[in-house]
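A short write-up of the structure that comes next.
The values are calculated or read from the model by the stated rules, or taken from the named source; none is laboratory data. No experiment lies behind these values; they were computed from the predicted model shown. Note that we place each Cβ from the backbone using ideal geometry, even for glycine, and neighbour counts take in every protein chain shown. The accessibility values were calculated without ligands, DNA or RNA, using every heavy atom of the protein model including side chains. Shrake-Rupley method; radii C 1.70, N 1.55, O 1.52, S 1.80 Å.
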Amino acid sequence: MTTRHTASVGIFDSGLGGLAIYRAIRERLPAESTHYFADTAHCPYGGRAVENIIARACAITDYLLSKGAKAIVVACNTATVHAIATLRERYDVPFVGVEPGIKPASAASKTRTALLLATPRTLKSYSVERLHERHASDLTIIRQPCHGLVEQVEQGALDAPRTLELLAEFLQPLQTQQADVIILGCTHYIFVQPQIARLAGPNVSIIEPAQAVATQLAKRLNDAGLQAPSGAAPTAAFSTSASDSARVSDVASRLLGQAITMEPAAV
Ligand code: DGL
């Protein structure tokens, strides 16, 4: 029987990037059931109007709540920085989001220069300004929009020549401006972290948010008394707005290293 405690945690992203957050949640909270939604039909979010991102976030939240979600993880920086405030106002469930790790980057940087890789829409957000002012005002942040990288990850083309070419271009400021920290400000980029690490070399730290989001979710569920009892038999559902859900399932399975099926959902 599904009770409030054993209900699922809804997780969504514009596409497959949020699966990196899903993976960390499964590891950190193995008793929790999850329902992951990939908004593939509207991916990428990074060039969309803010009103459109908010509308998608609300439609997906309605869908996940209709499937019984007890809490929602916005596994997308772009949607978090532009839509999570509206979601929290409109819905009475806990929301956990993901924002660029500017605070940990400041703690890690010796050169006082960090390279923030993110979507154009995230880079233009008030949240990034606020994080910078509050936690790292003495840190120079090079804001690098990564046009095209989300699309490469969506195809599962992690080692394709085009992906490596794009990464080399986006990491150029490491040479010219002595940044010693890279902030992965988009969940899709977590899947190319090994490629980024290889190109950046051993003296550059990489800040990725997946574990921190899972820890924050654990805390929110605990505070709200919503955590699944240990020993609960967890389920994992996946759905996508894509019409070619078989192709999306195939890429998602490769990214996760386990076979999963994304059910088509008209959201
Ligand atoms: N994974 C996303 C993020 O963290 C969204 C990327 C996009 O759709 O442009 O920002």
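Accessible area ranking (1.4 Å probe, heavy atoms, ligands and nucleic acids excluded), largest first, for 174, 164, 116: 164, 174, 116. Computing FRET efficiency as 1/(1 + (r/R0)^6) for residue 199 and residue 4, where r is the C-beta to C-beta distance and R0 is 41 Å, gives about 0.35. Rounded to the nearest 0.05, the FRET efficiency derived from the C-beta distance between residue 50 and residue 232 at R0 = 51 Å is 0.85.
Pull out a ≥ b ≥ c, the square roots of the eigenvalues of the alpha-carbon gyration tensor of segment 4-45, then state rounded if a/c is under 1.5, prolate if not and a/b is larger than b/c, and oblate in the remaining case. Taking the square roots of the gyration eigenvalues as a ≥ b ≥ c, segment 4-45 is oblate. The portion of the accessible surface of the chain made up by carbon and sulfur, rounded to a whole percent, is 50 (1.4 Å probe; DNA, RNA and ligands excluded). Take every pair of alpha-carbon atoms less than 8 Å apart whose residues are at least six positions apart; their mean separation over the length of segment 131-267 yields a relative contact order of 19 percent.
Straight-line cross-link partners of residue 110 among the lysines, defined as a Cα under 26 Å from its Cα and at least 8 positions apart when in the same chain: 124. The Cα center of segment 166-226 and the Cα center of segment 113-154 differ in position by 11 Å.
Taking trypsin sites (Lys or Arg not before Pro) across segment 71-156, the ones in a DSSP loop with at most 11 further Cβ atoms lying within 10 angstrom of their Cβ are 110.
Taking 7 Å steps out from each Cα toward its Cβ at residue 89 and residue 26 produces label points 3.6 nm apart. Taking every protein chain into account, the accessible area of the chain amounts to 42 square angstrom per residue (probe 1.4 Å). Rounded to the nearest 20 debye, the dipole magnitude of segment 1-81 is 180 debye, with +1 charges on Lys and Arg beta carbons, -1 on Asp and Glu beta carbons, and the Cα centre as origin. When 189, 91 are compared by accessible surface with a 1.4 Å probe, the order from highest to lowest is 91, 189.
Note on the chain: helix-only mean residue ellipticity at 222 nm, from DSSP H runs of 4+ residues weighted -39500 (n - 2.57) and normalised by residue number, equals -13000 deg cm²/dmol. Of the residues 151, 165, ranked by 1.4 Å probe accessible area with the largest first, the sequence reads 165, 151. Computed with a 1.4 Å probe on the full set of protein chains, the accessible area for residue 72 sits at about 0 Å². On the beta carbon distance between residue 246 and residue 222, with R0 = 51 Å, the FRET formula returns roughly 0.85.
Using the Cβ of residue 35 as centre and a radius below 14 Å, the other residues enclosed give a net charge of -2, where K and R count +1 and D and E count -1. By the rule of a C-alpha distance below 27 Å, with chain neighbours fewer than 8 residues away ignored, the lysines paired with residue 67 are 219. Rounded to the nearest 10 square angstrom, residue 127 shows an accessible area of 10 square angstrom against a 1.4 Å probe.
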